[in-house]
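Asks: One structure, as structure tokens, below. Some questions next.
The values are calculated or read from the model by the stated rules, or taken from the named source; none is laboratory data. Everything numeric here is computed off the predicted structure, so don't read it as measured data. Cβ atoms come from the backbone with ideal geometry, glycine included; neighbour counts cover every protein chain shown. In case anyone asks, the SASA skips ligands and DNA or RNA and just uses the protein heavy atoms, side chains included. Shrake-Rupley method; radii C 1.70, N 1.55, O 1.52, S 1.80 Å.
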Amino acid sequence: MDWKETLNLPRTTFPMKGKLPLREPEFLRFWEKIDLYHRLQEGDGQVFILHDGPPYANGHIHMGTALNKVLKDIILKSRRMAGFKAPFVPGWDCHGLPIELNVEKELGVKRGELPKVEIRKHCRTYAQRFVEVQREEFRRLGVLGDWERPYLTMSPGYEATIAREFVRFLASGQVYRRKKPVLWCSHCVTALAEAEVEYENHRSPSIYVKFPLAEDAREALPELPPGPAFVVIWTTTPWTLPANLAVALNPEYPYVAVRWGEEVLILAEGRLSALCAETGAELPEILFRFEASRLEGKHARHPFYDRLSLFILADYVTLEAGTGCVHIAPGHGEEDYESGLRYGLEVYSPVEDTGRFEASLPLFGGQGIWEANSQIIALLKEKGLLLHQEEIEHSYPHCWRCKKPVIFRATEQWFISMEAQDLRKKALEAIERVRWIPRWGKDRIKGMVEKRPDWCLSRQRAWGVPIVVFSCAACGEILRDEKYYQPVLERFAQEGTDLWFQLEAAELLPPGTRCPSCGGQEFRKEEDILDVWFDSGVSFAAVLEKRPELGFPADLYLEGSDQHRGWFQSSLLCAVGTRGEPPYRAVLTHGFVVDGHGRKMSKSLGNVVHPQDIIQKYGAEILRLWVASEDYREDIRLSEEILKRLVEAYRKIRNTSRYLLGVLSDFDPAHHQVPWEELPEFERYLFHRLAQLIKRVRKAYEQFEFHLVVQALHQFCILDLSALAIDINRDRLYCEHPEDPRRRATQTYLYQALETLVRLMAPILSFTAEDVYQHYPFVREAESVHLLSFPSPDWPEAEPGWVEKWEKRLALRAEITKALEQARKETKLVGSSLDAEVLLRLPPEYEGLVEDPALWEYLAIVSSFKVLDPLPAPEEGEVLWEAEEFPGVQILVRRAPGQKCARCWQWKPEVGSGSRFKELCDRCHSVVERLQAEGRLSLS
RNA sequence: GGGCCCGUAGCUCAGGUGGUUAGAGCGUACCCCUGAUAAGGGUAAGGUCCCAGGUUCGAGUCCUGGCGGGCCCA
């Protein structure tokens, strides 16, 4: 007789192997078919708005973008299950240089060869292509959202909003125009971005130039002896000397005055020996040392113009080259410019766009700058101000198109002022009203806003939203009032911003416009475009304020920590500058994906992992589990080992779910659930732990601590279910009559455990939760697991002390398992715990810990359990164990008496004496008879 | 070079306001089971809490300085 047929073994069609890469697309189709996203937007419930930061529509998604979107998805799904209505409108950043450059490369054209409108058309197609690529990749990750109606910064409506928000800034008086040095190719006659220059070796003159000290500087250094005194500067770009306005010293270094023949020279002490080595001079006599600050605000005289050059302090002056005294031309260098602003110097750049000095420049007017180098050197020599001259080869930026050296040249740029309307102050105040997670995010963005310069908005490019400014052709007056721009903005909303480039100013302005200043009737339109950070910075206006399901401000922005400088800040400035309020209530940041050693992923290190590979090899579910299981506030590690561990954890969760489905195959919750009052104590204890789990997990979701969720669910499967509930109850589940109340009690718990597990995992393991849910052997309350709510425990709280009693019992159970393990090791008499009988000696102080031996047979999964005092002396093959945690408690393990029941495998003395089935124990005997009587079983 | 941040067992994580032998799960080793079976159970071994100073009766926890790593600037 094969008694196995008479058991209630688990039955389910839920597959053990997930075959995730293959099956995930089926679930995606299912969700689409039932229109899951929109179903989730029905009904009411407090709205939770997570505003999506737009990734750049260029290339495929990478681990960072995948991580970001999955985090958002987990948050939104968990908020929905907690009762919120949580829409998700994904977006893309579509304008900008990288796309424009890629398009030029694809077309094989150089900048300016095609009309702007033409190149913009190609850029739009290119961006659209990658929006679609990325959309499919994000969807494949199981990210739920309004993918049919995302926001694109290049859509006409969005472009119109960008332009409108710019006009608001313009009208409010926060926008101004000023010269600023930019990288410039005088051959191509164009500004270049950092991405458009290549660094190549280049031979340059290297000259040391003496600037005579002016009277105020001499007075500041009374130690100076009579006679000529000079400060020595070093430069490799003599052509910038005509634009010299200052000499910078480092306030940290000591400076010296030295005797140099008949003259006195001033330089940093740390460069003196180097200077002597280069010029071949003897180390000179140091007359005195002084601090750089003594010269601040004093002057040197320009070497060949009759004007002064201001002494300033700057910490970027180094001792690696030169003299520690740096020639400053604010129109020709980034740092020079910054210093110039600080000291109120003019941004002076007498160089025309073709690389010639302006005709009006004395001495060198009209000359090409490179040709002028030698003439400038000659002039210095003639004036006796050239201390030394040689040539050096160094790395220098070149135009990547024409390969010619580029220069820094000041051109007119547009700025948003941080001060004009107290934008900086207002932004800093707004930062205080936002919740930053983690907390240090606040310090980070605060530091950046405190120090940042005015926002340079203009780019000399084609693929972007035009800077909509008209200015009077006659007097140069800028039209600031919004009324001049209303007609254009309205047309933008319909047609996009191409028409700015197609039409003349007169066609774009309201008819009859006159300059408010001079009455002129001719106007220029600005040709530059806006920085793309402005595009995404106004997304609150283009998306939050426009979409009916959204609203301003958002509850949450969630991006990588690099966005403290990027989107968090541009959004903050745009919103504060136009609305006076931050666009978000809270900002959550995540770290960056790094490899198993904590190093950043880069092509050169060869440690880059692509999401597509993970999806193909393991499935999106494993990627989601990875996102959830790491503490994303720090760097997020990713390696083969980590993935292997995750796959194992995944299998445990999957398999446990599978077992629950199987063991509940004959369970109908509507009819079979055992009421709380009738539940055995052990099930009540399990329910208590289940309640703890629900509380812990829901709290972790609420606080965005998903790694705690994963940890809790994983351990729940291993400890509560596999090792405790299932292991201990296996006999009842399999061997008792299907309707046995204790069996139904266990099923009642396992049923609630399944409902809990499947709901709590759904935001993270979205595919698997659905898979499990669709395999329920009983009626489902909703069409998809994602339409359910989180569970809340509705059973009574445990009485004080009761839980502790059960924890003590489990600790004693652990001692018994140790004793059993010892018996397995030392004798071969015990294999399965059911082979064993356990005898326990319990000193009086443990009164009450063990009351019912039958309960302990059950808990310890042994065939026989007795409490005896004293214990018999252990015989051959028996083991006596002194409990470690319970002093005085002794456990004797020996072979269980009687014979093994062929059905339940327990050893019982009555086996062999039954009336009909000799090989069964009493319990199995009656179960089988009942089954037979009920016609559930026919025995041959 | 500057600003912000991180560094606990092979892996992923716990360790309120400083206080007994630093925890969990996984993995590993060994054992058991074969009625969750390319499953399941058990036992055990793993840590100079990055390093060095300091404060303290006492520091993984506070301070200073290093080292390593990340983001953003220069």
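Asks: Once phi is turned into ³J(HN,Hα) by the Karplus curve 6.51 cos²θ - 1.76 cosθ + 1.60 with θ = phi - 60°, what whole-Hz value does each residue of the range A:268-273 show in order, with x for glycine and proline?
Replies: 6, 4, x, 10, 5, 5
Asks: While we're looking at this one, here's another question. For the range A:568-637, give the percent of accessible area contributed by carbon and sulfur heavy atoms, probe 1.4 Å, rounded to a whole number. Mind showing how you got there, number by number?
Replies: Working: 1320 of 2790 Å².
The nonpolar share, carbon plus sulfur, comes to 47 percent.
Asks: Helix A:922-933: angle to the longest alpha-carbon principal axis of chain A, degrees 0 to 90, nearest 10?
Replies: 90
Asks: Whose amide H sits under 5 Å from the amide H of A:Lys85, counting only residues 5 or more places off or on another chain, with H placed in the peptide plane?
Replies: When sequence neighbours closer than 5 places are left aside, the close amide H contacts are A:Gln46, A:Val47, A:Phe48.
Asks: Taking only Cα atoms, what is the 0 to 90° angle, nearest 10, from helix A:63-81's long axis to the longest principal axis of chain A?
Replies: The angle comes out near 50 degrees.
Asks: Another one. So, by mean Cβ neighbours within 10 angstrom, what's the order for A:746-759, A:432-445, A:483-496 with the highest one leading?
Replies: A:746-759, A:483-496, A:432-445
Asks: Related question: For the range A:295-341, what is the accessible area per residue in Å², given a 1.4 Å probe and the full set of protein chains?
Replies: For the range A:295-341, the per-residue accessible area is 36 Å².
Asks: Would you mind checking which residues have amide H under 5 Å from A:Trp881's amide H? H placed 1.01 Å from N; only 5 or more apart, or other chain.
Replies: For A:Trp881, the qualifying residues are A:Ile891, A:Leu892, A:Val893.
Asks: Just the number please: accessible area per residue for the range A:458-506, 1.4 Å probe, all protein chains included, in Å².
Replies: 40
Asks: Same structure, new question: Students sometimes get this wrong: rank A:His671, A:His60, A:His332, A:His202 by accessible area, probe 1.4 Å, all chains present, largest first.
Replies: A:His671, A:His60, A:His202, A:His332
Asks: Right, something else. Remind me, relative contact order of the range A:733-810 in percent, using alpha carbon pairs under 8 angstrom and six or more residues apart?
Replies: Averaging sequence separation for qualifying contacts and normalising by length gives 23 percent for the range A:733-810.
Asks: Tell me which residues come under 5 Å, amide H to amide H, from A:Val674 once H is placed; ignore anything under 5 positions away on its chain.
Replies: It is A:Thr748, by chain and number.
Asks: Picking from A:Ala814, A:Val258, A:Ile614, whose Cα lies most toward the positive end of the charge dipole for chain A (charges on Cβ: Lys, Arg +1; Asp, Glu -1)?
Replies: After comparing all options, I get A:Ile614.
Asks: Enter the accessible area of A:Val593 (Å², nearest 10), with the probe set to 1.4 Å and all protein chains included.
Replies: 20
Asks: Taking K and R as +1 and D and E as -1, what net charge do the other residues with C-beta under 13 Å from the C-beta of A:Leu550 add up to? Walk me through the numbers before you get to the answer.
Replies: Working: positive: A:Lys85, A:Arg149, A:Lys546, A:Arg547; negative: A:Asp52, A:Asp146, A:Glu545, A:Glu549, A:Asp555.
Around A:Leu550, the surrounding residues sum to -1.
Asks: Excluding residues on the same chain fewer than 8 positions from A:Lys69, give the lysines whose Cα lies under 19 Å from its Cα.
Replies: Of all the lysines, those that pass the test against A:Lys69 - Cα under 19 Å, at least 8 places apart if same chain - are A:Lys77, A:Lys85.
Asks: What length, rounded to one decimal in nm, is gained on full extension from A:Asp613 through to A:Glu677, with 0.36 nm per residue of separation minus their alpha-carbon distance?
Replies: 17.8 nm
Asks: Further question: How much of the accessible area of the range A:442-499, in percent, comes from carbon and sulfur atoms when a 1.4 Å probe is used?
Replies: About 44 percent, which is the carbon plus sulfur part of the accessible surface.
Asks: Now for a separate question. May I ask you to derive the relative contact order of chain A, considering only C-alpha pairs under 8 Å and at least 6 residues apart, and to give it as an integer percent?
Replies: Once divided by the residue count of chain A, the mean separation gives 13 percent.
Asks: Let me ask you something else. Cβ neighbours within 10 Å, averaged per peptide: list A:799-809, A:470-480 in order, most packed at the top. Could you put the intermediate results ahead of the total?
Replies: Numbers: A:799-809: 12.6, A:470-480: 17.0.
By packing density, highest mean first, the sequence is A:470-480, A:799-809.
Asks: Could you order the peptides A:571-578, A:374-381 from most to least packed, using the average number of other C-beta atoms within 10 Å per residue?
Replies: A:571-578, A:374-381
Asks: Which one of A:Gly476, A:Leu499, A:Trp463 has its Cα pushed farthest toward the positive end of the charge dipole of the range A:447-534, where Lys and Arg give +1 and Asp and Glu give -1 at the Cβ?
Replies: It is A:Gly476, whose Cα lies furthest towards the positive end.
Asks: In addition: For chain A, give the magnitude of the charge dipole about the Cα centre (Cβ charges: +1 Lys/Arg, -1 Asp/Glu; no others), in debye to the nearest 20.
Replies: Its charge dipole is roughly 1500 debye.
Asks: Right, next: Dipole size in debye (nearest 20) for the range A:133-279 around its Cα centre, Lys and Arg Cβ +1, Asp and Glu Cβ -1? All intermediate terms of the calculation are to be shown ahead of the outcome.
Replies: Values: 15 positive and 19 negative charges, 122 e Å.
Using only the charged Cβ atoms, the result is roughly 580 debye.
Asks: Once the Cβ-Cβ distance between A:Arg177 and A:Ile718 is put in as r, and R0 is 56 Å, what FRET efficiency do you end up with, to the nearest 0.05?
Replies: Result of the calculation: an efficiency of 0.25.
Asks: I'd like the carbon and sulfur percentage of the solvent accessible area for the range A:259-317, probe radius 1.4 Å, heavy atoms only, ligands and nucleic acids excluded.
Replies: Values: 1260 of 2860 Å².
So the carbon and sulfur contribution to the accessible surface is 44 percent.
Asks: Now, a different point. Using the alpha-carbon atoms, what tilt in degrees (0 to 90, nearest 10) does helix A:741-761 show relative to the longest principal axis of chain A?
Replies: 10
Asks: Tell me the per residue accessible area of the range A:675-807 using a 1.4 Å probe; a whole number in Å² is fine.
Replies: Working: 4980 Å² over 133 residues.
Result: 37 Å² per residue.
Asks: Continuing with the same structure: Of the options A:Ala378, A:Gly331, A:His737, report the single residue whose Cα projects farthest towards the positive end of the charge dipole of chain A (beta-carbon charges: Lys, Arg +1; Asp, Glu -1).
Replies: Highest projection toward the positive end goes to A:His737.
Asks: Going Cα to Cα from A:Lys644, which lysines come in below 17 Å? Please leave out same-chain ones fewer than 8 positions away.
Replies: A:Lys17, A:Lys19, A:Lys617, A:Lys652
Asks: If the only charges are +1 at each Lys and Arg Cβ and -1 at each Asp and Glu Cβ, what is the size of the charge dipole of the range A:819-929 around the Cα centre, to the nearest 20 debye?
Replies: Working: 13 positive and 20 negative charges, 150 e Å.
It works out to roughly 720 debye.
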